[in-house]
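Undergrad: Before I ask anything, here is the structure I am working with.
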Amino acid sequence: MEDRKNVQLQKAEISKNESSVERVSLPRTIHLVPMDHLDGFDVRPGFYEINGATAIPGGVNFTVYSRGATSIELLLFRRTEEEPFAILPFPRHYRIGNVYSMIVFKLNIEEFEYAYRVDGPYEPEKGLIFDRNKYLLDPYAKAVTGQSRWGESTLRGHQYRARVVKDDFDWEDSRPPLHAMEDLIIYELHVRGFTRHESSGVLHPGTFEALMEKLPYLKALGVNVVELMPIFEFDEMQDYREVEGEKLYNYWGYNTVSFFAPNTSYTASREYNREGNELKKLIRTFNENGIEVYLDVVFNHTAEGNEDGPFFSFKGFDNNIYYLLTPDGHYYNFSGCGNSLNCNHPIVHQMILDSLRYWVTTYRVNGFRFDLASIMGRNEDGSPMNKPPLLQALAFDPILGDVKLIAEAWDAGGLYQVGTFPSWNRWAEWNGKYRDDLRRYLKGDGGMAQAAAQRMIGSRDIYEVNKRKNASVNFLTCHDGFTLYDLYSYNEKHNEKNGWNNTDGSGENFSWNCGKEGETEDAGILSLRRRMMRNAFAVLMCSRGIPMFLAGDEFCNTQFGNNNAYCQDNITSWLDWRLLEKNRDMFQFFQYMISFRKEHRVLRANISDGACGFPDVSFYGVESEVSQFADYDRYVGLLFAGKEAGQRPEMVYIASNAYWEELSIKLPKIAPSMQWELAVDTWESSQKLHRYPGRSFLIRPRSVMVFVGR
C-alpha cells in the first residue's frame with residue numbers, strides 16, 4: 001500500500017512540474033518504481049541513456065558512469081558554500097552495468113551546484129587512482145562554476161562544480177549559411193584578444209557580446225567564417241605566474257576542463273543556469289549575416305596534465321580509460337601538455353562524438369578545427385591507426401553531415417600527416433606545407449618555385465593522389481607563430497617575456513626582417529615590408545584551396561616578434577584597433593583581394609567543361625609555358641582557366657616575382673577577341689584596373705601582379 005502511494009505521489013509531482021522546465025527527450029515509457037529517500041530527498045532510478053545532469057518534469061536526472069568505481073556519491077552545494085548541503089550515494093540497485101542514474105525530486109536548478117565523489121581501487125601501476133576524497137566534475141557538465149571572471153578563480157584545490165542548464169534559447173527561423181568548401185574564407189580569432197584592448201570601442205571588451213559588436217567590421221572585410229580559438233571551459237590560471245611584473249595566464253585556452261561547457265569568463269554578464277545563451281546569440285546573429293562559426297576544439301589532452309597535474313574529473317572516474325598510459329601507468333605525452341586523451345577507446349570515442357553532436361544541435365556550430373588531430377588517430381598503445389574508428393565515425397556521423405571538419409594533421413609526438421590524414425574525403429587539413437613553402441618562396445629562397453606553384457594550385461601533389469577535394473586549408477599565419485606584420489619585421493623570435501629565456505616557440509619561421517630587426521624609421525624598409533605583406537595576401541587569395549588568415553593581419557597587428565604568445569594576456573596578444581586607421585590602405589587591400597577571390601570562381605575551383613581551350617592550370621616562366629620550374633627560378637606564373645556551361649571563359653594569370661630585380665615577362669597568348677586587364681599590382685597600395693594591349697610587361701622587384709582575361 002505504501003509503495004502504491006509513493007508511485008501516485010511521484011506521478012503527481014511530475015505532472016505538477018511539467019510546465020516549469022524545458023522539454024527534454026525522454027523515453028516514451030517511464031517505468032515508475034517506489035521512491036527512496038536520501039538525505040531528505042525523494043529519489044528513484046533515472047534515465048540511464050541521458051548522460052550528465054538534466055532538468056526533467058519534477059526534478060533533475062543525474063547520470064554518470066565509471067567502469068572501475070565501486071561506489072559513487074552525488075554532492076549538492078549551495079552557490080556560496082564550500083561544503084555540500086546534501087550527499088546522496090547512488091543506491092546499489094540504481095546501477096545498471098557501469099552506469100549510475102538517479103532522479104532527485106523537488107530540486108530547483110537555480111539553487112544548487114553539484115559534483116561527484118567516486119571510490120575505487122588505487123593501483124597506479126595499472127592506471128587506477130581512485131580517490132573518494134576528491135570532488136569531481138561531471139565529464140558531461142553543461143556549465144562549470146568557479147571561473148566566471150577572467151583571472152579571478154574561486155577554485156579551491158581545483159574543486160570544480162557543475163550547474164544544470166535550462167536550454168530555452170529561441171533560435172527563431174535561423175538557418176546555417178552552408179557555404180561550399182571552395183567558397184570559404186576563414187578568419188581565425190581569439191574571443192578575448194579580439195576586443196580586449198580599449199581601442200576596440202566596444203561596451204564589454206573581451207566577450208562574445210563584444211564580438212557581435214564587430215559584426216559590421218567583419219562583413220565589411222568580407223570573410224564568411226570566423227574560427228574561434230578555444231571557447232570550451234578552460235583554466236586560464238593554470239601555470240599562472242608573473243614575469244617582470246607582467247601577469248602570465250594560460251591565455252590561448254588549449255587546456256580543456258569540460259568538453260560540453262562554454263567558457264563563462266567570455267560572457268558579458270552572468271548566465272546562471274542559462275550558460276551559453278550569449279554564445280548562441282552570437283552564432284545565430286553571425287549565421288543570419290552569412291558568416292559561419294567554427295570552434296577550435298581540443299580533444300587531444302585535458303587540463304589535468306600528468307602525474308603532477310590537477311585531479312578534478314577524468315582521472316577520478318576512469319584514469320586508465322580516458323588517458324593513453326604506458327605499461328607502467330604513466331602518461332603518454334603526444335600533446336606536449338602532459339597527457340594524451342585515449343580517443344579511440346569506445347568510452348572516450350562516444351564522449352567526443354556526444355560532445356560534437358551537442359555543440360551542433362544545441363549551439364548550431366557550423367564547423368570544427370581539431371587541435372593536434374593526429375592524436376585522435378592513435379591506438380591505446382600510442383601507435384598510429386590505419387582507419388581510426390573515431391575519425392571514421394565523425395566523417396560519417398549523420399548529425400555532423402553538414403559540418404566542416406578541419407584537422408591540424410600533426411601532433412607533438414612527431415606524427416605528421418599532412419596529405420595522409422585519414423579523411424574518407426570528409427576532412428580538410430591545415431596545410432603546414434603551404435605555409436612553409438610559400439614563406440620560403442616569397443622571401444626569395446632559391447629552389448622553391450616548383451613547390452610554391454604546387455601549393456598555389458591546391459597542393460595536387462599532396463591531395464590529388466588520394467583524390468581528395470577541398471582538403472587544403474591554406475595559411476601563412478595563424479595564432480601559433482608570427483603575425484603577418486612580424487613575418488616581415490623579424491628574422492628571429494623574441495619570446496623573452498614568456499619567461500623561458502626565449503627557448504619556447506618554433507625557431508623555424510622562414511621570416512625576413514627586410515633589412516632591420518624589429519621597429520625602424522627607415523622608409524625604404526617600411527615600404528618593402530608592406531609590399532611583402534601585400535604579396536603574401538595576394539598569393540593566398542589567388543591559391544586553390546581554403547584560405548585562412550589571422551585576425552589583425554589586415555591592419556598590420558604585431559606581437560613584437562613573439563611567435564608563441566600563449567601566455568600573453570596583454571597588448572602583445574590583444575588587437576590594437578588604432579592600427580586600423582593608421583594602416584587603412586592595408587585593410588582596403590585585404591578587402592579588395594577578398595572581393596577579387598569571390599568574383600573569380602576559377603581561383604577557387606576547376607570549372608572547365610572542356611570548352612575553354614586552355615588547361616585548368618598552366619605554369620609559366622618569364623617567356624613561355626613550362627612544365628616544371630628550375631631550382632634557380634624565383635618567378636612563378638600561373639594561369640587558371642575555365643568555362644562554366646553557358647558562361648564566358650574565365651582566365652586569371654598570377655605573376656609573382658620573388659626576385660630582387662625587375663623582370664620582363666610575357667603574358668600567355670589568348671584569343672584575339674580577348675585582352676588582358678591588370679587587376680592587382682602589389683607595388684602599389686591602391687589598385688586601379690587598366691588594359692594591357694600587348695603581351696609584354698615589366699614586373700618590379702619582389703611584387704605580385706594579377707591579370708584577368710576579358
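Undergrad: Is it the case, given these coordinates, that C567 is at pLDDT 95 or above, assigned to a loop (DSSP other than H, G, I, E, B) and in contact with a strand residue (DSSP E or B) (Cβ under 6 Å, 6 or more places away or on another chain)?
TA: Working: at pLDDT 95 or above: yes; assigned to a loop (DSSP other than H, G, I, E, B): yes; in contact with a strand residue (DSSP E or B) (Cβ under 6 Å, 6 or more places away or on another chain): yes.
Judged against the criteria, C567 is a match.
Undergrad: Looking for whichever is in contact (Cβ under 8 Å) with a residue 24 or more places away in the chain and closer than 28 Å to M181 by Cβ here; the options are I654, I665, I670, I699. Which one fits?
TA: I654
Undergrad: I've got another one for you. Given E209, E233, E213, E244, which one is under 30 Å from G401 (Cβ atoms) and either out of contact with any Pro (no Cβ under 8 Å at 6 or more places or on another chain) or surrounded by 23 or more Cβ atoms within 10 Å (Cβ to Cβ) (or both)? Don't jump to the end; show me each part of the working.
TA: Details: E209 fails: under 30 Å from G401 (Cβ atoms); E213 fails: under 30 Å from G401 (Cβ atoms); E244 fails: under 30 Å from G401 (Cβ atoms).
Residue meeting the stated conditions: E233.
Undergrad: Another question about this same structure. Identify all residues within the range 38-58 that are within 36 Å of the chain's Cα centre (by Cα), of a type outside the set (A, V, I, L, M) and crowded, with 21+ Cβ neighbours inside 10 Å; write none if there are none.
TA: G46, N51, T54
Undergrad: Among the residues of the range 570-611, what is the count of those that are among the charged types (D, E, K, R), free of Cβ contacts under 8 Å to residues at least 60 places away in the same chain and in a loop (DSSP other than H, G, I, E, B)?
TA: So the answer is 1.
Undergrad: Please give the number of the condition S595 fails out of (1) crowded, with 23+ Cβ neighbours inside 10 Å; (2) farther than 16 Å from L639 by Cα; (3) among the small types (G, A, S).
TA: Only one criterion in (1) crowded, with 23+ Cβ neighbours inside 10 Å; (2) farther than 16 Å from L639 by Cα; (3) among the small types (G, A, S) is unmet by S595, namely (1).
Undergrad: Can you tell me which residues in the range 291-308 are more than 15 Å from D411 (Cβ to Cβ) and hydrophobic (A, V, I, L, M, F, W, C)?
TA: Within the range 291-308, I291, V293, L295, A303 qualify.
Undergrad: If you don't mind, there's one more thing I want to ask. Can you tell which of K467, K493, K516 is buried (at least 19 other Cβ atoms within 10 Å of the Cβ) and either modelled with pLDDT under 95 or among the basic types (K, R) (or both)? Walk me through it before giving the result.
TA: Working: K467 fails: buried (at least 19 other Cβ atoms within 10 Å of the Cβ); K516 fails: buried (at least 19 other Cβ atoms within 10 Å of the Cβ).
Step by step, each of K467, K493, K516 is checked, and only K493 is buried (at least 19 other Cβ atoms within 10 Å of the Cβ) and either modelled with pLDDT under 95 or among the basic types (K, R) (or both).
Undergrad: Does S66 meet the test of being buried (at least 21 other Cβ atoms within 10 Å of the Cβ) and either within 27 Å of M351 (Cβ to Cβ) or of a type in the set (S, T, N, Q) (or both)? Break it down stepwise before answering.
TA: Details: buried (at least 21 other Cβ atoms within 10 Å of the Cβ): yes; either within 27 Å of M351 (Cβ to Cβ) or of a type in the set (S, T, N, Q) (or both): yes.
Taking the combined requirement at face value, the residue satisfies it.
Undergrad: Could you grab me the full set of residues in the range 411-468 that are touching a residue at least 60 places away in the same chain (Cβ under 8 Å), in a loop (DSSP other than H, G, I, E, B) and under 23 Å from the mean Cα position of the chain (by Cα)?
TA: D411, A412, G413, L415, N431, G458, S459
Undergrad: Same structure, new question: Do we find a residue being in contact with an Asp or Glu (Cβ under 7 Å, 6 or more places away or on another chain), in a loop (DSSP other than H, G, I, E, B) and within 22 Å of A69 (Cβ to Cβ) anywhere in the range 342-360?
TA: So far as the range 342-360 goes, yes, one or more of its residues are in contact with an Asp or Glu (Cβ under 7 Å, 6 or more places away or on another chain), in a loop (DSSP other than H, G, I, E, B) and within 22 Å of A69 (Cβ to Cβ).
Undergrad: Let me ask something else about it. Could you list, in sequence order, the residues of the range 175-206 that are under 17 Å from the mean Cα position of the chain (by Cα), assigned to a loop (DSSP other than H, G, I, E, B) and within 24 Å of N250 (Cβ to Cβ)? Before you say what the answer is, go through the steps one by one.
TA: Applying the first criterion (under 17 Å from the mean Cα position of the chain (by Cα)) to the range 175-206 yields 181, 184-194.
Checking the rest, the ones that are also assigned to a loop (DSSP other than H, G, I, E, B) come to 184-185, 190.
Residue satisfying the conditions is H190 alone.
Undergrad: Something else about it: Among the numbered criteria (1) assigned to a helix (DSSP H, G or I); (2) free of Cβ contacts under 8 Å to residues at least 40 places away in the same chain, which single criterion is violated by L405?
TA: (1)
Undergrad: Right, something else. When you scan the range 171-178, do you find a residue that is out of contact with any helix residue (DSSP H, G or I) (no Cβ under 8 Å at 6 or more places or on another chain) and farther than 16 Å from T264 by Cα, even just one? First the steps, then the outcome.
TA: Residues of the range 171-178 out of contact with any helix residue (DSSP H, G or I) (no Cβ under 8 Å at 6 or more places or on another chain): 173, 178.
From the residues that got through so far, the ones that are farther than 16 Å from T264 by Cα too are 173, 178.
Yes, there is a match, as at least one residue in the range 171-178 is out of contact with any helix residue (DSSP H, G or I) (no Cβ under 8 Å at 6 or more places or on another chain) and farther than 16 Å from T264 by Cα.
Undergrad: What is the residue count in the range 272-308 for residues that are in contact with a strand residue (DSSP E or B) (Cβ under 9 Å, 6 or more places away or on another chain), closer than 19 Å to D235 by Cβ and not aliphatic (A, V, I, L, M)?
TA: Residues meeting the conditions: 11.
Undergrad: For the condition surrounded by 20 or more Cβ atoms within 10 Å (Cβ to Cβ), of a type in the set (K, R) and within 19 Å of the chain's Cα centre (by Cα), what is the one hit in K315, K280?
TA: On the way: K315 fails: within 19 Å of the chain's Cα centre (by Cα).
Exactly one residue qualifies, and that residue is K280.
Undergrad: Follow-up. Inside the range 242-262, can you point out the residues that are in contact with a helix residue (DSSP H, G or I) (Cβ under 8 Å, 6 or more places away or on another chain) and under 20 Å from F112 (Cα atoms)?
TA: First, the residues of the range 242-262 that are in contact with a helix residue (DSSP H, G or I) (Cβ under 8 Å, 6 or more places away or on another chain): 243-244, 246, 248, 251, 259-260, 262.
F260, P262, listed by residue number.
Undergrad: If you don't mind, another one. Picking from Y140, Y100, which residue would you name as being surrounded by 17 or more Cβ atoms within 10 Å (Cβ to Cβ), modelled with pLDDT of 95 or more, aromatic (F, W, Y) and more than 18 Å from D167 (Cβ to Cβ)?
TA: Working: Y140 fails: more than 18 Å from D167 (Cβ to Cβ).
Residue meeting the stated conditions: Y100.
Undergrad: Oh, and also: Within the range 361-379, which residues are in a loop (DSSP other than H, G, I, E, B) and surrounded by fewer than 17 Cβ atoms within 10 Å (Cβ to Cβ)?
TA: Residues of the range 361-379 that are in a loop (DSSP other than H, G, I, E, B), as a first pass: 364-366, 371-372, 379.
Passing the criteria: only N379.
Undergrad: Looking only at residues in the range 626-643 that are in contact with a strand residue (DSSP E or B) (Cβ under 8 Å, 6 or more places away or on another chain) and assigned to a loop (DSSP other than H, G, I, E, B), which one is nearest to R601 (Cα to Cα)? Talk me through it step by step, then tell me what you get.
TA: First, the residues of the range 626-643 that are in contact with a strand residue (DSSP E or B) (Cβ under 8 Å, 6 or more places away or on another chain): 626-629, 634-643.
Adding the requirement that they be assigned to a loop (DSSP other than H, G, I, E, B) leaves 627-629, 634, 643.
Values: S627: 24, Q628: 25, F629: 26, R634: 27, K643: 10 Å.
Filtering first and then ranking leaves K643.
The values are calculated or read from the model by the stated rules, or taken from the named source; none is laboratory data. In this text the structure is predicted, and so the values were computed from the model without any measurement. Heads up, the Cβs are rebuilt from the backbone with ideal geometry, glycines too, and the neighbour counts pull from every protein chain shown.
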